[in-house]
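These notes are about the structure you will find just below.
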Amino acid sequence: MKGVPANTVWKDLKLPAKEMFIRDVARSLLALFKIRFQQAGSLYSATGTSIRVGPLITTPFYRALDGVVRFPDRDPLDLSQFRGPFSQASQFLSSAPKAELYAIKHRRDSVLRELDGDQARLDLGERVIENVVRLAEMYPGNLLVGSSIPSDGSQSFSLKLNDFRLSNILVNSMRVTMGA
């Protein structure tokens, strides 16, 4: 793709250019959010130019968070059962806390070391995460909302941006660059 990261030019822009930039970003985001999928997960390249939805590639499913390996003295946990893809929003929302409960169950001694041996804190954290799972599983977002979503509910998921920063938006002559 051609362009430069927006954070490299933002401070030098006049207000009208910033306004045009924000409108371009909003138009681009609206176009992206109109793309719908049957499942939630990460996007993978399929045959030709098509894409498919597959298991999540995001935290907490990496072995390391912020470059620090979480359980360096142990074999990696297999968290694949929590990665999807998901057919309901509640499944997606409960996947990360379920993965954390799995880590607590299978690496309890290591998690306890992370908490400096504070068993009461670990027990409280576990109860809180169990409540998060229960709340996520009753999420009302599984119900169809909005007129732009197909009425049969077959494509109820849109794209989610996890890292929306100026450095991740390319601009070319102060126009948002969407493709090559």
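The values are calculated or read from the model by the stated rules, or taken from the named source; none is laboratory data. No experiment lies behind these values; they were computed from the predicted model shown. When we count neighbours, we look across all protein chains shown, and the Cβ atoms used for this are built from the backbone with ideal geometry, even at glycine.
Observations
- Number of the condition not met by F92 [criteria: (1) within 30 Å of P5 (Cβ to Cβ); (2) surrounded by 13 or more Cβ atoms within 10 Å (Cβ to Cβ); (3) modelled with pLDDT under 85]: (3)
- Test for A99: is it within 15 Å of the chain's Cα centre (by Cα) and either of a type in the set (A, V, I, L, M) or surrounded by fewer than 18 Cβ atoms within 10 Å (Cβ to Cβ) (or both): yes
- Extreme residue, nearest to the chain's Cα centre (by Cα), among residues of the range 1-59 that are assigned to a helix (DSSP H, G or I) and among the polar types (S, T, N, Q): S28
- Residue list for the range 55-75, restricted to those being crowded, with 16+ Cβ neighbours inside 10 Å and modelled with pLDDT of 75 or more: P55, L56, R70, F71
Each row is one residue, and each column tells you yes or no for (1) surrounded by 13 or more Cβ atoms within 10 Å (Cβ to Cβ); (2) in contact (Cβ under 8 Å) with a residue 60 or more places away in the chain.
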{"residue": "K2", "(1), (2)": "no, yes"}
{"residue": "P5", "(1), (2)": "yes, yes"}
{"residue": "V9", "(1), (2)": "yes, yes"}
{"residue": "L15", "(1), (2)": "no, no"}
{"residue": "A26", "(1), (2)": "no, no"}
{"residue": "F33", "(1), (2)": "yes, yes"}
{"residue": "R36", "(1), (2)": "yes, yes"}
{"residue": "G41", "(1), (2)": "yes, no"}
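- Residue list for the range 37-50, filter: of a type outside the set (S, T, N, Q) and at pLDDT below 85: A46, G48
- In this structure, D78 does not qualify as at pLDDT 85 or above and over 26 Å from V133 (Cβ atoms).
- Selection from the range 83-129 of residues that are farther than 14 Å from L56 by Cβ and either touching a residue at least 60 places away in the same chain (Cβ under 8 Å) or among the aromatic types (F, W, Y) (or both): Y102
- Qualifying residue in the range 139-158 (condition: among the aromatic types (F, W, Y), under 21 Å from the mean Cα position of the chain (by Cα), under 27 Å from Q39 (Cβ atoms) and modelled with pLDDT of 85 or more): no
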